[in-house]
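Please read the structure below before turning to the comments.
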Amino acid sequence: MTSKTRIDDRFAALKQEGRGALVTFVTAGDPDYDTCAKLLAGLPAAGADIIELGMPFSDPMADGPAIQASSQRALKAGQTMRKTLQLVREFRKQDQSTPIVLMGYYNPIYVYPTPNFLDDAKAAGVDGLIIVDVPPEADGELCLPAMEKGLNFIRLATPTTDSKRLPAVLANSSGFVYYVSITGITGTAAPDIEEVHSQVDRIRRATTLPVVVGFGVSTAEQARAIASGADGVVVGSALVRAIERTLGPDGRATDRTVPEVLELVKTLAGGLRTSPVQANMKG
């Protein structure tokens, strides 16, 4: 098992505050390395409690058009896995407490290769991994080695994860459970709040880990509504679309890019700070 991590500490602190976590997703190197570094540096002060950093990949099959486009922009700008870890190292020079979770697909880790990646990720200051295409049946490939290095391995649960499947999903999970509120691809629909809460309750009955909800959250009102029955919300596509909206005609960052994205994060964070999380948060 992993020992206590920054993710554990952050959820414990939020429980004391009585509110859910705002988990923000951006793609590493989107729209370019320097702009992404400035964005990461500004996220905690804007209200991000946990940062998910997407590892760009040429075939992001679980992602909707916005995140696919962000991956393509990053790759076109020269982003690599080594540069992604460098972004984390840069961030850690000024922030030792905000958790960073790398999210993406197994292929770029496998070719790194895996043992070296885990060593380098841990040394850079990464706290956890969400790898969408490695099922529990393959835990020996990545999940268990990651845990041995002290990294949280965070699993996805979906509306189709039934009671037979759930124990396998939760078996070696740590940090938190990421509940995908809509089946399909990211950023393409809005979640049904009541249904989300009932699914979160179902997962909570099977684990003491915090349950965070993602896919389809794009406004402060949605974030507030979901956080009233969960331990946090992930906002990804909305932030990535905000980056895209601020790019110049040449597809490059403008002086609006960082401030406008951080302003959206502040708005979303404000939604969570006005809504105490239900008292049934597990600890």
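For this structure, a couple of remarks:
- Scope the range 105-126; condition outside any helix (DSSP H, G or I) and either out of contact with any strand residue (DSSP E or B) (no Cβ under 9 Å at 6 or more places or on another chain) or closer than 14 Å to Arg6 by Cα (or both); matching residues: Val111, Tyr112, Pro113, Gly125, Val126
- Residues that are within 14 Å of the chain's Cα centre (by Cα), part of a loop (DSSP other than H, G, I, E, B) and modelled with pLDDT of 95 or more within the range 24-69 comprise Ala28, Ala48, Asp49, Met55, Pro56, listed in sequence order.
- Given (1) surrounded by fewer than 24 Cβ atoms within 10 Å (Cβ to Cβ); (2) closer than 21 Å to Ala238 by Cα, index of the condition Asp30 fails: (1)
- Considering the range 245-263, the residues that are of a type in the set (A, V, I, L, M, F, W, C) and under 15 Å from Thr27 (Cβ atoms) include one that is surrounded by the most Cβ atoms within 10 Å (Cβ to Cβ), namely Val261.
- Considering the range 148-248, the qualifying helices (runs of 4 or more DSSP H), each wholly inside and each with 2 or more residues that are under 25 Å from Ala46 (Cα atoms) and of a type in the set (Val, Ile, Thr), run over 237-245.
- Within the range 101-128, residues that are within 21 Å of Ser70 (Cα to Cα) reach partners that are aromatic (Phe, Trp, Tyr) and not in a loop (DSSP other than H, G, I, E, B) with beta carbons closer than 7 Å, at six or more positions or on different chains, in the pairs Met103/Phe25; Ile109/Phe117.
- Arg73 meets all of the listed conditions (1) touching a residue at least 12 places away in the same chain (Cβ under 8 Å); (2) closer than 30 Å to Ala12 by Cα but one, namely (2).
- Yes/no for Thr207 being crowded, with 23+ Cβ neighbours inside 10 Å, among the polar types (S, T, N, Q) and either touching a Gly at 6+ places or on another chain (Cβ under 6 Å) or modelled with pLDDT of 95 or more (or both): no
- Exactly one residue among Ala269, Ala253, Ala220, Ala238 is within 19 Å of the chain's Cα centre (by Cα) and under 19 Å from Arg73 (Cβ atoms), and that residue is Ala238.
- Exactly one residue among Ala238, Ala230, Ala220 is in contact with a His (Cβ under 8 Å, 6 or more places away or on another chain) and either surrounded by fewer than 23 Cβ atoms within 10 Å (Cβ to Cβ) or touching a residue at least 24 places away in the same chain (Cβ under 8 Å) (or both), and that residue is Ala230.
- No other residue among Leu129, Leu102, Leu144, Leu85 is touching a strand residue (DSSP E or B) at 6+ places or on another chain (Cβ under 9 Å), buried (at least 21 other Cβ atoms within 10 Å of the Cβ) and in a helix (DSSP H, G or I) apart from Leu85.
- Consider the range 251-280 and keep the residues that are in a loop (DSSP other than H, G, I, E, B) and at pLDDT 95 or above. The one that is nearest to Leu14 (Cα to Cα) is Arg256.
The values are calculated or read from the model by the stated rules, or taken from the named source; none is laboratory data. Worth saying up front: this structure is predicted, and the values here are computed from it rather than measured. All Cβ positions, even for glycine, are placed from backbone atoms using ideal geometry, and neighbour counts span all protein chains on display.
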